[in-house]
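These notes are about the structure you will find just below.
The values are calculated or read from the model by the stated rules, or taken from the named source; none is laboratory data. Owing to the predicted nature of the structure, the values given are computational and were not obtained by experimental measurement. Cβ coordinates were reconstructed from backbone atoms using ideal geometry, including for glycine residues, and neighbour counts include every protein chain displayed.
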There are 4 protein chains.
Amino acid sequence: MSELEQLREQLREFAAARDWDQFHSPKNLAMALSVEAAELLEKFQWLSEEQSRNLSADTSAAVAEELADVLLYLVRLSDKLGIDLMDAARNKLVVNANKYPVDKARGHSRKYNEL
Amino acid sequence: MSELEQLREQLREFAAARDWDQFHSPKNLAMALSVEAAELLEKFQWLSEEQSRNLSADTSAAVAEELADVLLYLVRLSDKLGIDLMDAARNKLVVNANKYPVDKARGHSRKYNEL
Amino acid sequence: MSELEQLREQLREFAAARDWDQFHSPKNLAMALSVEAAELLEKFQWLSEEQSRNLSADTSAAVAEELADVLLYLVRLSDKLGIDLMDAARNKLVVNANKYPVDKARGHSRKYNEL
Amino acid sequence: MSELEQLREQLREFAAARDWDQFHSPKNLAMALSVEAAELLEKFQWLSEEQSRNLSADTSAAVAEELADVLLYLVRLSDKLGIDLMDAARNKLVVNANKYPVDKARGHSRKYNEL
C-alpha cells in the first residue's frame, strides 16, 4: 500500500470506530476541507510575503497541523467519492503543462500578470 | 522516492522552468490553496448531501480536477516551508485519536452535535 | 450618512487609533474576509440543511458574530479600494437578472442542476 | 427602509420569481458566500500588497463584482436566519473595541504579531 492508501485505511477505521460516516457526505467533507484551508490561510493573513518565508518554530508547527488537516480531509473526500487522488494529481500536472507552455509562461505569464 | 516526493520534484521543475518561484511565497501559496478548496466546494453548493453521494460522471471528473489542484498546492506549500506533509498527517491522526477517544466520541460527539 | 457609511467611518477610526492601517492592504483584508467566511461556514458544516433552518439560540448568536465579521471586512476592504459597496451590489443585481431571466431560470435552472 | 433592507426585499423577490428558495437553506447560502469570498481572494493571490493598493480599472471592476456577490449572499443568509445584519455588525464593533483596547493594541498588537 502506498502512503496515501495507508492514510485512507486509517481514516476509514477512525470514522467507523466513532460512527461518524453518517456525517461524512462528500458535501460535508468538502465544507470541512474548505474550513481547514482557511485555518491554514489565517496563519499568514497579517504576515508579509517575506515574513511568510521565515516562520518561527511555533508558527511552523501550527501551520504543519493545518496542512495535515487539509490532507486528511482530501484523502477522506477522495475515498468517499471513489476518486484516485494521486492519479488525479498526475493528470492535472499534464493539463497544466499544456495550459502553460514554458515558452509562453516564462517571465510574464498572463496567469500572474492580470492586474 | 515516495509518490508525494515525486510530485514535489515535478512541481519544483514546473515552477523553475516557468520562472514562477518569485510568486510562490508561502503566503501566496496558502491563498491559492484556499481558492482551489473553494472551487471544489462550489461543485457541491447546490447539491443535497444525498446528491453529493451520487455524482454524475461529468461532475465527478470536474471534482477530481479540483481535488488535484488542492493536493498540488498542498505539496508545493509544504515544500516551500520545509514541512514533511506525510509526517504532519500521521502526527495529526494521533492528536485526533486522543482528542476524540472512541468511547466519548461514538454516537453523539460534541464536535458534531453543536447545534 | 447611510448605515454602511457610518460603519465605514467607525472602522477608519478603529484602525487609525490602533495604528493598524499598515496591516490593512487590500490583499490582507481579502484574506481576512475569506477566513471569516470560513468561520461562518464552520458553524454549518455538520448540520443538515433542515437543521440549518432551525438553529439553537446559542448557534444563532455565534453565527450572527461571524456574519458581522464578514460585513466589517467587506466594508473595510471596499473603503480601502475606493469602491462603493452598495452601488456594486445594486449593479450586480441587474447583471444577475439578465443572466438568469425568470422564464429560463424558473424550475430547473442550469445553475442549480449541474449534477 | 434602509438600503440593506431594500436589498433584502429585492433578493426575496429575485429568488421567489425563480423558485429558488428550495436551494436557499442557510447551509447552502453559507457555502455560496464562502465560494464568493474565495473568488474575491483570487483577484489578489499573485499580487504583492503594494500592487493590491493600486489596481487597474479592469481588476477594480472585477473586484467590485465579487464584493457585491459577497454582500448579496450575506444579506440573503441573514434574512433566512432572521438575523439583523447591521445590529450584529454594531455589536461586534463594541466587542472588538473591548478585545483590542487602544493602549494595548497600538503598535505591536498580539493579534498581528503572532509569528
Scanning the range D:14-45 for residues that are part of a helix (DSSP H, G or I), charged (D, E, K, R) and surrounded by fewer than 23 Cβ atoms within 10 Å (Cβ to Cβ) gives D:D21, D:E39, D:E42
The residue from A:E50, A:E66 that alone is under 16 Å from the mean Cα position of the chain (by Cα) and not aliphatic (A, V, I, L, M) is A:E66
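In the list D:L115, D:L93, which residue meets the criterion of being touching a Leu at 6+ places or on another chain (Cβ under 8 Å), within 7 Å of another protein chain (Cβ to nearest Cβ) and modelled with pLDDT under 95? Working first, answer last.
Working: D:L93 fails: modelled with pLDDT under 95.
Answer to the check: D:L115.
Against the definition (over 13 Å from the mean Cα position of the chain (by Cα), in contact (Cβ under 8 Å) with a residue 40 or more places away in the chain and away from chain C (no Cβ under 14 Å)), how does A:L7 come out, yes or no? Steps first, answer last, please.
Values: over 13 Å from the mean Cα position of the chain (by Cα): yes; in contact (Cβ under 8 Å) with a residue 40 or more places away in the chain: yes; away from chain C (no Cβ under 14 Å): yes.
When the stated conditions are applied, A:L7 passes them.
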So, first residue at the interface with chain D (Cβ under 9 Å from one of its Cβ atoms) and at pLDDT below 95 in the range B:14-41, second residue surrounded by fewer than 22 Cβ atoms within 10 Å (Cβ to Cβ) and assigned to a helix (DSSP H, G or I), Cβ within less than 7 Å, six or more apart or across chains; the pairs are none
Of the residues in the range A:46-76, those that are part of a helix (DSSP H, G or I) and more than 7 Å from every other protein chain (Cβ to nearest Cβ) come to A:E50, A:A57, A:D58, A:A61, A:A62, A:E66, A:Y73, A:V75, A:R76
Of the residues in the range D:77-90, those that are closer than 17 Å to C:V75 by Cα and either outside any helix (DSSP H, G or I) or at pLDDT below 95 (or both) number 1
